[in-house]
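Enquirer: So that we are looking at the same thing, I have put the structure below in structure tokens.
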Amino acid sequence: MKTIIEPFRIKMTEALPITTRSEREALLASAFNNVFLLDADHVTIDLLTDSGTGAMSDRQWAALMLGDESYAGSRSWRRFERTVREITGFKRIFPTHQGRAAERILAATRLQKGNVVPNNGHFDTTRANIEYVGAIATDLPSSEARELHSEKLFKGNMDLGKLEQLIEAEGSANIPFCMLTVTNNTGGGQPVSMENVRSVKEILQKHNIPLIIDACRFAENAFFIKEREQGFADRTLLEIAREMFSFADGATMSAKKDGLANIGGFLACNNDSWADDFRNLLILTEGFPTYGGLAGRDLEAISVGLLEALHYDYQRYRHATVEYVASALISRDIPIVRPAGGHAIFIDAAAFCPHLRASDYPGIGLVNALYLEGGVRAVELGSVMFGKPAPGGGEEIAAPHELVRLAFPRRVYTQSHFDYLIEVLDAIGRRRESIEAYRITEQAPFLRHFTAHYERAG
Ligand code: F0G
């Protein structure tokens, strides 16, 4: 069969709020034109993030009932440890309440002021945790990542030449570890090839620098390797994931993505002395090492979810969904980052709204148009999120791209929801010149996108 169906049927439903345009006008105005400040009850299709927003399977819900809530050494912990080890092979494993808790423990125990951490693309919490301890987070994306519309297959790769230059310039002693984010979220959800993971490891090994994988979307990355990289077509996603992790010395993970859970994460490594430091800080900030800030039932749900994320039929359906929307947008002349990412589609708002300058925040104009048109919530990744104040005051420095992310929650929306999304974007696309400019009227000193207030500039 050519049609790739959702490989599940629905056993429980959750009503979607349906609002009118005039209601949405009023709701957005009272949220100061910032969709982060809307109540979720007023959003029809919520594509703000794929993190913690997925639907659990019947097997995960059943597993919740098996949760062992013992403080120390619970059965659920043993199952969690076994599963994470089965997939990653790591010797020492620590549950955390989400990905950034793992990042914080890694950064606080391994980094000192002035150290440098290379990554193909730091996620913002990873960067913030590194910078919080005074170290420097350096992105080394491949040059292909900059070509938004080219169809290259592994645009998430790290630039190997730049990695070598950085090690040369800094000296290996100043680089306590290097990270690879699979898939590269900030680079458009683009995958990293096995070849790139292997080559990064080869370079690092020469200099005794450990490799840490940011594994949030490891199963989606494994799917891309199977589909796109020579020599992997006959391998299972589990085998591919294992090979990927075999090149790493440790991993940080948010189980809110490819753990198919609503909360959770882990930190893992092979080095016992690192692990002892992790454990001590974990006890201080997260909890005893066998639960790490999670309930026993969460550990159960994650154990099931991590393996479900590696089901080929699930990944094939997920990818088909993203591609379905992507090709519908391309045929409507809506500019998106190509190829579509594993978990999201990124619309190029600057190309979509040529009548707006970066300082008009075209991403905010498009995000707000999506809400007003159809109650769809998306997120701006442009000059509001990444713009920087100019050193001497005056007009701020724009972000390199003005993108809007449509993230796909896992197993939540059906094809008709996506047909609706396409219709909403089609309607906006037909009168794109009416997308409005916004200006900021109130903002926080950092991470301003979460709480900023906007007004229409026109
Ligand atoms: N690393 C990557 C690549 C991520 O995308 C995220 C979260 C984290 C780490 C942090 O994990 O949220 O569990 O603490 N990304 C979400 C997003 C928030 O919307 O892309 P967390």
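Enquirer: Cα gyration tensor of region 58-308, axes a ≥ b ≥ c as square roots of the eigenvalues: rounded (a/c below 1.5), prolate (a/b > b/c) or oblate?
Expert: On the way: a/c = 1.96, a/b = 1.28, b/c = 1.53.
Cα axes put region 58-308 in the oblate bin.
Enquirer: Let me ask something else about it. Expressed as a whole number of Å, what is the distance separating the alpha-carbon centroids of region 201-245 and region 247-278?
Expert: 15 Å
Enquirer: Sorting check: for 425-433, 239-247, which peptide has the highest mean count of neighbouring beta carbons within 10 Å, and how do the rest follow?
Expert: 239-247, 425-433
Enquirer: On to the next question. Can you pull the one-decimal nm distance between simple spin-label points at residue 164 and residue 41, each 7 Å off the Cα toward Cβ?
Expert: Modelled inter-label distance: 6.0 nm.
Enquirer: As a check on your grasp of the helix formula, calculate [θ] at 222 nm for the chain: sum -39500 (n - 2.57) over DSSP H runs of n ≥ 4, divide by the residue count, round to the nearest 500.
Expert: Details: 16 runs with 181 residues, N = 458.
After summing the helix terms and dividing by residue count, I get -12000 deg cm²/dmol.
Enquirer: Can you pull the one-decimal nm distance between simple spin-label points at residue 419 and residue 285, each 7 Å off the Cα toward Cβ?
Expert: 4.8 nm
Enquirer: Let me ask something else about it. Report ³J(HN,Hα) in whole Hz for each residue of region 3-11, in order, from the Karplus equation J = 6.51 cos²θ - 1.76 cosθ + 1.60 where θ = phi - 60°; Gly and Pro get x.
Expert: 6, 9, 8, 4, x, 7, 10, 9, 10
Enquirer: Using DSSP to define loop residues, name the GluC sites (Glu not before Pro) in region 316-417 whose beta-carbon has at most 11 other beta-carbon atoms within 10 Å. Provide the component values of the computation, followed by the final result.
Expert: Details: sites: 323, 373, 380, 395, 396, 402; in loops: 395, 396, 402.
Here the sparse-neighbourhood loop sites are 395.
Enquirer: Give the peptides 340-351, 149-160, 182-193 in descending order of average Cβ contacts within 10 Å, highest first.
Expert: Most protected by this proxy first, the peptides run 182-193, 340-351, 149-160.
Enquirer: May I pose another question? Give me D for region 1-86 in µm² s⁻¹, whole number, from Stokes-Einstein with Rh from the Kirkwood sum over alpha-carbon pairs, 10 °C and 1.306 mPa s. Write out the running numbers ahead of the final one.
Expert: Working: Rh = 17.4 Å.
It diffuses with D of about 91 µm²/s by this estimate.
Enquirer: Next question, about the same structure. Please list the non-local residues whose amide H lies under 5 Å from the amide H of residue 267, H modeled 1.01 Å from N, same-chain partners needing a gap of 5 or more.
Expert: Those lying under 5 Å, H to H, from residue 267 are 94, 96.
Enquirer: Further question on the same structure: Which residues among region 29-59 fall inside the zone where the amide N is under 12 Å from a point 7 Å beyond the Cα of residue 12, along Cα→Cβ?
Expert: Within reach of a label on residue 12, which here means backbone N under 12 Å from a point 7 Å along Cα→Cβ, region 29-59 contributes 55-59.
Enquirer: Please give the peptides 18-26, 207-215 ranked by average Cβ packing (other Cβ atoms within 10 Å per residue), highest first, as a rough proxy for protection.
Expert: Numbers: 18-26: 12.3, 207-215: 21.6.
By packing density, highest mean first, the sequence is 207-215, 18-26.
Enquirer: Could I ask something else about it? Return the long-range amide H neighbours of residue 136 (sequence gap of 5 or more, or a different chain), with a cut-off of under 5 Å between placed amide H atoms.
Expert: Residues meeting the amide H criterion: 114, 115, 116, 117.
Enquirer: Would you mind giving the average projected area, over all directions, of the Cα convex hull of the chain in nm² with one decimal? Please report the intermediate quantities before stating the final value.
Expert: Numbers: hull surface 87.7 nm².
If you wrap the Cα atoms of the chain in a convex hull and average its projections, you get 21.9 nm².
Enquirer: Rounded to the nearest Å, what's the spacing between the alpha carbon centres of region 33-79 and region 383-406? Just the number, please.
Expert: Rounded to whole Å, the Cα centres lie 33 Å apart.
Enquirer: How far is it, in nm, from the label point at residue 441 to the one at residue 172 when both lie 7 Å from their Cα along the line to the Cβ?
Expert: 5.7 nm
Enquirer: Still on this model: List the chymotrypsin sites (Phe, Trp or Tyr not before Pro) within region 351-458 that DSSP assigns to loop and that have no more than 12 neighbouring Cβ atoms inside 10 Å. Walk me through the numbers on the way to the answer.
Expert: Numbers: sites: 352, 371, 386, 413, 418, 420, 438, 446, 450, 454; in loops: 413, 446.
Filter output for region 351-458: 446.
Read-outs: derived from the displayed coordinates by stated rules, not from any lab. The shown structure was predicted, so the numbers you read here are calculated from the model rather than taken from an experiment. Every residue, glycine as well, gets a Cβ built from its backbone with ideal geometry; the counts of neighbours run over all protein chains shown.
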